[in-house]
Amino acid sequence: HSILILNGPNLNLLGTRQPEVYGSETLADIEARCRDKAADLGIELAFAQSNHEGTLVDLIHESRGTHAGIILNAGAYTHTSVALRDAISSVELPVIELHLSNIHARESFRHVSHIAPVALGQICGFGSAGYLLSMDAMLSHLTQKPP
Ligand code: DQA
């Protein structure tokens, strides 16, 4: 299996961005931990970040035929982007919605997710550990026998 971990706007600033909310690890630190885990699980991993909504849409489209599933931390686009939601619906790949922080415990504008209705599920509030948890969740989904 190959999976894509896709990160949206401002996540390139992890490490220095509101560390009290998002922790002190950089995105490169998190990527390194994900790559170690992918090697343990025996899966291929692509890891990407963009601040641009259209680029994220393109990367979702390009995942079709390349990746078996997508773990998506869409950042603030979670709360605004119908385009990302439509891209997910269009490619029919399993998507896990991921956030470092517990979006439900924060400002009310973060309680709305356009991604959630088209995602397999959501993992939020566990900091960078959520990246590793979502890899387990995706692999368990992909290897699950059909009912
Ligand atoms: C985030 C939560 C979003 O509300 C916020 O806009 C982000 C990061 C998280 O990982 O906790 O950029 O997706």
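Nothing in this text is a laboratory measurement; each read-out follows from the coordinates by a stated rule. For clarity, every value in this text was computed on a predicted model and none was experimentally measured. Cβ atoms come from the backbone with ideal geometry, glycine included; neighbour counts cover every protein chain shown.
What the table below lists for this structure:
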quantity	calculated
Answer from Thr143, Thr78 - the residue that is surrounded by fewer than 16 Cβ atoms within 10 Å (Cβ to Cβ) and either within 10 Å of the ligand (Cβ to nearest atom) or hydroxyl-bearing (Ser, Thr, Tyr) (or both)	Thr143
Candidate set: the range 95-114, residues that are crowded, with 19+ Cβ neighbours inside 10 Å and not polar (S, T, N, Q); chosen: the one farthest from Ala129 (Cα to Cα)	His114
Answer residue from the range 1-28, given it is away from the ligand (no atom under 13 Å from the Cβ) and of a type outside the set (Ser, Thr, Tyr) and is nearest to the chain's Cα centre (by Cα) among those	Leu4
Long-range neighbours under 6 Å by Cβ, at least six apart or interchain, first residue at positive phi within the range 74-97, second within 16 Å of the ligand (Cβ to nearest atom) and not charged (D, E, K, R)	Gly75/Gly8; Gly75/Pro9; Gly75/Asn10; Gly75/Leu11
